[in-house]
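The values are calculated or read from the model by the stated rules, or taken from the named source; none is laboratory data. Note that the structure is a prediction, hence the values are computed from the model and not measured. Cβ atoms come from the backbone with ideal geometry, glycine included; neighbour counts cover every protein chain shown.
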Amino acid sequence: MALTEAQVAKYESDGFLIVEDVFKDNDLELVIGEIENQVTVLADRLFAAGKITSKYTDRDWYTRMIAIAKEFDEAPGLFQVSTPMGQELARLWSSDTLLNMVEQFIGSDIEGGAIWNVRPKVPENALMTVPWHQDSGYLAPDGQYTAQPACWIPLLDVNEEMGCLQVVRGGHMPLGNTTHHVEKKTGDSRSWYLYIQEDDLPSGDIITCELKKGSVLFLHENLPHRGLWNRSNYVRWAIDVRWQRPSDPTGLEGVLIRGPRMRSSDDPSFRPDMMRWAAEERKKYEEWVNRGESDPLDPSIDGSWYFARWDSDFKDAALETES
């Protein structure tokens, strides 16, 4: 699937682009089935640890995590940070369907981003409600100028009530980051999010991005965006994957390994070994979230590395981590 010149121009001017009817239901069902199985793995772990009193096997995929989170509110965050990449998600991320569009943003040498997410946003859960931010705000300063488009892929129809994304149209220009703050200092102490104060948001219309299942939302790395509060009765399941040029800094050097090479202009037949990369990535990711010998059911991330960029109170902790 290729984008039109008008769509590419819209992405460049607005900082985001909704593309409808990218995937058919059967394109996503294997990914959904894979994630369903991973929810079962998490439920088994939590039940065995005494964190929940039932595995809630009678609930469907769109409500099961809600029941689990009512007993253990950190379950959705734990799922996000601890679940390994499955083969079906890897196949989707590196698919020609997506890469043919991404190539029009960054060229024919393509590397996956170092960060990817499966997001189970349950209703009324502050730990899964992401405030205003720029994705590049989580990177080292050199990474804020790396072209690193993200693709947000809902796994069901999403609307404002369900907590879809809002963006500031045109807020990605000029390039660079506005000031971010550390949410754990002003909100829930368990939060790993950064946030932009509303007074610091760039000017531009705020657009609510409601999407149908099968559509995707491309986001420029410097575009301010947030996820709204989920006020529905369903989990807002979505995937967040990213790409960049292999020649550019990731902004995560020394923290996470580089993403997998997905396309090479020198070798049109190149295909990535996604699962080999996924195994290496998971090992490094486990080090970053700093579980080590701590509670394996603690979803907290050692965010001192990126917290320190925005708040001097975290600089000493970051230096200790680096040493």
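Counting the residues of segment 204-221 that are in a loop (DSSP other than H, G, I, E, B) and among the small types (Gly, Ala, Ser) gives 2. Just so you know, in segment 98-115 the residues that are more than 24 Å from Glu280 (Cα to Cα) and touching a helix residue (DSSP H, G or I) at 6+ places or on another chain (Cβ under 8 Å) include one that is surrounded by the fewest Cβ atoms within 10 Å (Cβ to Cβ), and it is Gln104. Among the candidates Glu210, Glu221, Glu160, Glu253, the residue that is out of contact with any strand residue (DSSP E or B) (no Cβ under 6 Å at 6 or more places or on another chain) and over 29 Å from Ala278 (Cβ atoms) is uniquely Glu210. Candidates in segment 283-295 are the residues that are over 21 Å from the mean Cα position of the chain (by Cα) and within 18 Å of Ser191 (Cα to Cα); of these, the one that is modelled with the highest pLDDT is Asp295.
Mind checking whether some residue in segment 190-203 is small (Gly, Ala, Ser), farther than 19 Å from Gly77 by Cβ and modelled with pLDDT under 95? Yes, the conditions are met somewhere in segment 190-203.
Taking the options Glu160, Glu183, name whichever one is out of contact with any helix residue (DSSP H, G or I) (no Cβ under 9 Å at 6 or more places or on another chain), within 21 Å of Leu17 (Cα to Cα), surrounded by fewer than 24 Cβ atoms within 10 Å (Cβ to Cβ) and not aliphatic (A, V, I, L, M).
Checking each option against the conditions leaves just Glu160.
For segment 19-33, check the following and say yes or no: at least one residue is without any contact (Cβ under 8 Å) to a residue 24 or more places away in the chain, touching a strand residue (DSSP E or B) at 6+ places or on another chain (Cβ under 6 Å), within 15 Å of Phe218 (Cβ to Cβ) and of a type in the set (D, E, K, R). The answer is no; no qualifying residue exists.
Among all residues of segment 41-48, there is none that is in contact with a strand residue (DSSP E or B) (Cβ under 6 Å, 6 or more places away or on another chain) and either assigned to a helix (DSSP H, G or I) or surrounded by 17 or more Cβ atoms within 10 Å (Cβ to Cβ) (or both).
Looking across segment 222-272 at every residue that is acidic (Asp, Glu) and assigned to a loop (DSSP other than H, G, I, E, B), the one that is modelled with the lowest pLDDT is identified as Glu253. Of Val167, Val118, all but one fail to be touching a helix residue (DSSP H, G or I) at 6+ places or on another chain (Cβ under 7 Å), part of a strand (DSSP E or B) and among the aliphatic types (A, V, I, L, M); the exception is Val118. From the set of residues in segment 120-131 that are out of contact with any Ser or Thr (no Cβ under 8 Å at 6 or more places or on another chain) and buried (at least 24 other Cβ atoms within 10 Å of the Cβ), which is farthest from Ala67 (Cα to Cα)? Among residues in segment 120-131 that are out of contact with any Ser or Thr (no Cβ under 8 Å at 6 or more places or on another chain) and buried (at least 24 other Cβ atoms within 10 Å of the Cβ), the one farthest from Ala67 (Cα to Cα) is Met128.
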